[in-house]
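See below for the structure under consideration.
None of the figures in this text is laboratory data; all of them are computed from the coordinates on show. Here the structure is a predicted model, which means the values were calculated and not measured. FYI the Cβ positions are ideal-geometry reconstructions off the backbone, even for glycines, and counts take in every protein chain you see.
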Amino acid sequence: MMLRLFRERRERRKLATKLHDALVQKSREPDFYARFGVPDTMLGRYEMVCLHAYLVLTRLQREGDSGRRQAQTLHDMIFDDFDIALREAGLGDMGIGHRIKKLARNLHGRISTYEKGLVEGDAEMDVVLRRNMYASAEPSAPEVSAMIAYIRAARREMDSVTASALFAAELSFPDPAQIGFTSSDEPVT
């Protein structure tokens, strides 16, 4: 019994590492910063990790108890990584715990507001993105529209990932370079 629990935990961490690596790698794609107007700063990169974490965590949550346990393991790993990043950035030990709790609250807030934005439409998503992802920037309307198009496409792709592919860390995200702009600067997918 105890060995099985340790084995399951080890397998969840192994999968969480693969999922984490995939979402971080996707979050670092240059198009998000160069074409979509996301600030190329520590905060902008945090926002992109949050966006992709939202997509993966919500997909895992729909896979019952095993998906919820895997989502929790991935969540913990994401914040372990944030902890390391903050320490490497030179923030002292005294404030790290407080900052990590704030980052966790921010992620949970983003998850609910992204869901709300997807349900309520592009105008609401525009407000959500400007308040969160673009809080330290002034993106153009086409940049925000392109990000909305990317999020909608990413959600569709993530929703289409089968459970077996998800638990094999075979994630599918759209290529942001494929979110183009028409001559009127409106994004197209």
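Assuming R0 = 35 Å, can you tell me the calculated FRET efficiency for the pair Arg13 and Ala141, based on Cβ-Cβ distance, to the nearest 0.05?
0.25
Between Asp21 and Lys116, with labels modelled 7 Å along Cα→Cβ, what's the label distance in nm to one decimal, could you check?
For the pair Asp21/Lys116, the computed spacing is 3.7 nm.
Return the FRET efficiency for the residue pair Asp40, Glu124: r is the Cβ-Cβ distance, R0 is 30 Å, and the value is rounded to the nearest 0.05.
0.70
Spelling out what I want: for every residue of segment 55-69, take phi, set θ = phi - 60°, compute 6.51 cos²θ - 1.76 cosθ + 1.60 (Karplus), and round to whole Hz; glycine and proline get x.
Values, residue by residue: 4, 6, 4, 5, 5, 4, 4, 7, 9, x, 4, 5, x, 5, 5 Hz.
Assuming 0.36 nm per residue, please report the length gained on full extension of the stretch Asp31 to Ala168 beyond their Cα-Cα distance.
Result for the pair: 46.6 nm of gain on full extension.
Taking segment 118-181 as the region of interest, what is the percent of Cα-Cα pairs per 10 angstrom bin, listed from the shortest bin to the one with the maximum distance?
Histogram of Cα-Cα distances, whole percents per bin: 20, 42, 28, 10, 0.
For Leu19, Leu57, which order do you get if you count the other beta carbons within 10 Å of each Cβ and list the fewest first?
Ordered from fewest to most neighbouring Cβ atoms within 10 Å, Leu19, Leu57 come out as Leu57, Leu19.
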